[in-house]
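Scroll down for the structure; my scribbles are underneath it.
The values are calculated or read from the model by the stated rules, or taken from the named source; none is laboratory data. On a predicted model such as this, the values are computed, not experimentally measured, just so you know. Cβ: placed from backbone, ideal geometry, glycine included. Neighbour counts: every protein chain shown.
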Amino acid sequence: MEFSVKSGSPEKQRSACIVVGVFEPRRLSAIAEQLDEISEGYISNLLRRGDLEGKSGQMLLLHHVPNILSERVLLVGCGKERELDERQYRQIISKTINTLNETGSMEAVCFLSELHVKGRDTYWKVRQAVEATQDCLYSFNSLKTRKEEPRRPLRKIVFNVPTRRELPIGERAIAHGLGVSEGISTCKNVANMPPNICNPAYLAEQAKILENEYEKISTHIVDEKEMGELGMGSYLAVGRGSVNESMMSVINYQGGETDQAPIVLVGKGLTFDSGGISIKPGEGMDEMKYDMGGAAAVLGAMHSLAELDLPINVIGVLAGCENMPDANAYRPGDILTTMSGQTVEVLNTDAEGRLVLCDALTYVERFEPEAVIDVATLTGACIVALGKHATGLMSSHNPLAHELLNASEQSGDRAWRLPLWDDYHEQLESPFADFTNLGGRAAGTITAACFLSKFTKKYNWAHLDIAGTAWRSGGKDKGSTGRPVNMLTQFLLNRSGAEQGE
Ligand code: BES
Ligand code: MN
Ligand code: ZN
């Protein structure tokens, strides 16, 4: 897709389609008003006859509108003018893109970027429009032998901005939107890959591809032999039942000064989580291929970061592993020694994510990080708590938590904070080891984070539980969402001091 910005009047555009908004009830937006005048009331006549109410997401495609140079005019319902919020804006853009894609317009000039969205500037509106477009044009069909593609797909879209002064801002928004979308699409591609192809070695290959593509990236793969030497007894135990070797990929992006402390992102990379000996029920088990969604998001964020060429140091860790039942598998009752030296009694082999992450979190101490953020499809309880809309955020460091919440607010990639009080730790007490890997039914998302917090004392740390947000379940809509690449990349953009809106 090709994106550009322009500042012009609608009647002067010579395009396959121009896209303008109509509010409810039957009220023309300023731009639609201009078209109406030129066309001598053609549009207002249609509205009066009841062809379009203006409800959010309604579409009316017109051909040969009098005195208009463009072949088509797409009227887009935007709901009540005063109620247009961020979420609706994105939905309207998505619907528009789908319509354009289906109705044979290969290029379009879109005036929806001039709509008023409360508290949002041109930068935000153009960037969100680019991201929404790329998101809805995404498809994963590399493993289908017969690919369905639109006959005349949308190729080029121009977003209009109100004044020429805003052109550079719009261009920056496009560049950022494309950089973010690139990472989101990388995340979706690896996450959607089936577990017979996407195993820990496959994740490592993806990490190596980034190294080859970008000068500023170097990648190191920690294999089982090295994990053994490092004493990563907990991580190794989880992978022991699988024939696929555990591999931790360490992606080092050097964009800042050599002595600048890095930000470290750690992703849970369970390429399949069967539950192990504490095996999961069969229904929907295929979706546990998405248990590497954290690693996929870290890979995606590293890709975006490199694409945007940000002047900071970031290290991305993909904690690749597979959890399988086997004669060699670890068992409930086993006591493991973690890399930190602390011992863990395994009460459920399905609480494996924390066992892999804890050693990865100890490993990254060596980088003396500025901050560490781990990303994990860690607990089903997070879906119970927050549903599919928000990522769970937990942190022992208030400023970092606020920075992440800000980034999530800016990017529209929602997150919500849960508490991490000391009170919860007693749920992890063990009679035989330093603690167990199971906190019981109450507050499962928080006790999982409490477990991790025992390994993150040496730096500022935040934890993102993406169990509800990493993918969409069921039917033909199933698929990776690419979350929370946007939020992470926004956090990095903010950290690098990159200029954004006005
Ligand atoms: N990967 C799962 C969590 C999960 C389940 C994410 C469903 C998304 C959808 C994790 O490894 C797991 O199995 N967690 C257990 C923890 C429990 C045994 C303490 C869970 O959530 O049931
Ligand atoms: Mn599990
Ligand atoms: Zn898991």
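Considering only the range 338-355, I want to know if a residue exists there that is more than 21 Å from MET248 (Cα to Cα), within 12 Å of ligand 3 (Cβ to nearest atom) and among the polar types (S, T, N, Q). Looking through the range 338-355, at least one residue is more than 21 Å from MET248 (Cα to Cα), within 12 Å of ligand 3 (Cβ to nearest atom) and among the polar types (S, T, N, Q).
Can you give me the ranges of the strands (runs of 3 or more DSSP E) entirely in the range 4-108 with at least 1 residues that are closer than 25 Å to CYS136 by Cα and of a type in the set (S, T, N, Q)? Working first, answer last.
Numbers: elements: 17-23, 59-63, 72-77.
No strands (runs of 3 or more DSSP E) qualify here.
Filtered by the rule that a residue be over 23 Å from ASN101 (Cβ atoms), touching a residue at least 40 places away in the same chain (Cβ under 8 Å) and of a type in the set (A, V, I, L, M), the range 14-42 gives a lone residue, ALA30. Evaluation of ASN398 against the conditions (1) farther than 15 Å from ALA237 by Cβ; (2) polar (S, T, N, Q); (3) touching a Gly at 6+ places or on another chain (Cβ under 8 Å) shows that the sole unmet condition is (3). For the range 237-296, the candidate set comprises residues that are among the polar types (S, T, N, Q) and either within 16 Å of ligand 1 (Cβ to nearest atom) or in a loop (DSSP other than H, G, I, E, B) (or both); within that set, the residue that is surrounded by the fewest Cβ atoms within 10 Å (Cβ to Cβ) is THR258.
In the range 454-502, of all residues being within 23 Å of ILE174 (Cα to Cα) and among the β-branched types (Val, Ile, Thr), the one that is surrounded by the fewest Cβ atoms within 10 Å (Cβ to Cβ) corresponds to THR481. Checked against the criteria, ALA301 counts as in a helix (DSSP H, G or I), more than 16 Å from ligand 3 (Cβ to nearest atom) and touching a Gly at 6+ places or on another chain (Cβ under 6 Å). Whenever a residue of the range 43-56 is modelled with pLDDT of 95 or more and of a type in the set (Lys, Arg), its partners that are surrounded by fewer than 18 Cβ atoms within 10 Å (Cβ to Cβ) and assigned to a loop (DSSP other than H, G, I, E, B), lying with C-beta atoms within less than 7 angstrom and at least six residues away or across chains, give the pairs LYS55/GLU24.
Condition check ((1) at pLDDT below 95; (2) away from ligand 3 (no atom under 16 Å from the Cβ); (3) within 23 Å of ASN348 (Cα to Cα); (4) touching a Leu at 6+ places or on another chain (Cβ under 8 Å)) across all residues:
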{"position": "TYR253", "(1), (2), (3), (4)": "no, yes, no, yes"}
{"position": "GLY256", "(1), (2), (3), (4)": "no, yes, no, no"}
{"position": "PRO262", "(1), (2), (3), (4)": "no, yes, no, no"}
{"position": "GLY267", "(1), (2), (3), (4)": "no, no, yes, yes"}
{"position": "ASP273", "(1), (2), (3), (4)": "no, no, yes, no"}
{"position": "ILE277", "(1), (2), (3), (4)": "no, no, yes, no"}
{"position": "PRO281", "(1), (2), (3), (4)": "no, no, yes, no"}
{"position": "ASP286", "(1), (2), (3), (4)": "no, no, yes, no"}
{"position": "ALA295", "(1), (2), (3), (4)": "no, no, yes, yes"}
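When the range 203-230 is limited to residues that are of a type outside the set (A, V, I, L, M, F, W, C) and touching a strand residue (DSSP E or B) at 6+ places or on another chain (Cβ under 7 Å), the one that is farthest from ASN328 (Cα to Cα) turns out to be LYS216. Among the residues of the range 362-399, those identified as under 17 Å from SER340 (Cβ atoms) and either away from ligand 1 (no atom under 16 Å from the Cβ) or surrounded by fewer than 21 Cβ atoms within 10 Å (Cβ to Cβ) (or both) are THR362, TYR363, VAL364, GLU365, ARG366, PHE367, GLU368, PRO369, VAL372, SER396.
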